[in-house]
Amino acid sequence: MNHGYCINCWWYKTIKGRYWTPTPKGLIENFGNGKCYMHNGGNDPDVDYSFVDGDCYCPDYYNRKKGDHEQKMTLEEWIESKCN
């Protein structure tokens, strides 16, 4: 089983990317959020993803570079192929 952050996972599609928030103690990095296509939307059969924060830690992590190589496509290409 692989573990890692959603932001680096092949199944993660970014909605809002990383950003910094100023605070009185300095800048805080936020990892944004996105859609996880590994975990569907629960009870709705028409939803193929769930919303996650980029810094979520997942037991189903799949390295993006490894995924692009092994799947021979990016996540965006995979999503498009499912829609056709």
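Count, please, the residues in segment 10-28 that happen to be touching a Phe, Trp or Tyr at 6+ places or on another chain (Cβ under 6 Å) and not hydrophobic (A, V, I, L, M, F, W, C). Qualifying residue count for the region: 1.
Restricting segment 1-22 to residues that are under 27 Å from residue 68 (Cα atoms) and of a type in the set (Phe, Trp, Tyr), the residue that is surrounded by the most Cβ atoms within 10 Å (Cβ to Cβ) is 12. Taking the criterion of being of a type in the set (Lys, Arg) and either outside any loop (DSSP other than H, G, I, E, B) or in contact (Cβ under 8 Å) with a residue 12 or more places away in the chain (or both), the residues of segment 56-84 that qualify are 64, 65, 66, 82.
Counting the residues of segment 1-21 that are at pLDDT below 90 and not small (Gly, Ala, Ser) gives 3.
The lone criterion from (1) crowded, with 18+ Cβ neighbours inside 10 Å; (2) out of contact with any strand residue (DSSP E or B) (no Cβ under 9 Å at 6 or more places or on another chain); (3) among the charged types (D, E, K, R) left unmet by residue 25 is number (1). Which of the residues that make up segment 40-55 are at pLDDT below 85 and either part of a helix (DSSP H, G or I) or of a type outside the set (D, E, K, R) (or both)? 40, 41, 42, 43, 45, 47, listed by residue number. Every condition in (1) at pLDDT below 90; (2) within 13 Å of residue 5 (Cα to Cα) is met by residue 63 except one, and the failing one is (1).
The values are calculated or read from the model by the stated rules, or taken from the named source; none is laboratory data. Since the structure is predicted, the reported quantities are computational estimates derived from the model, not experimental observations. No Cβ is skipped: glycine too gets one built from the backbone with ideal geometry, and neighbour counts run over all protein chains shown.
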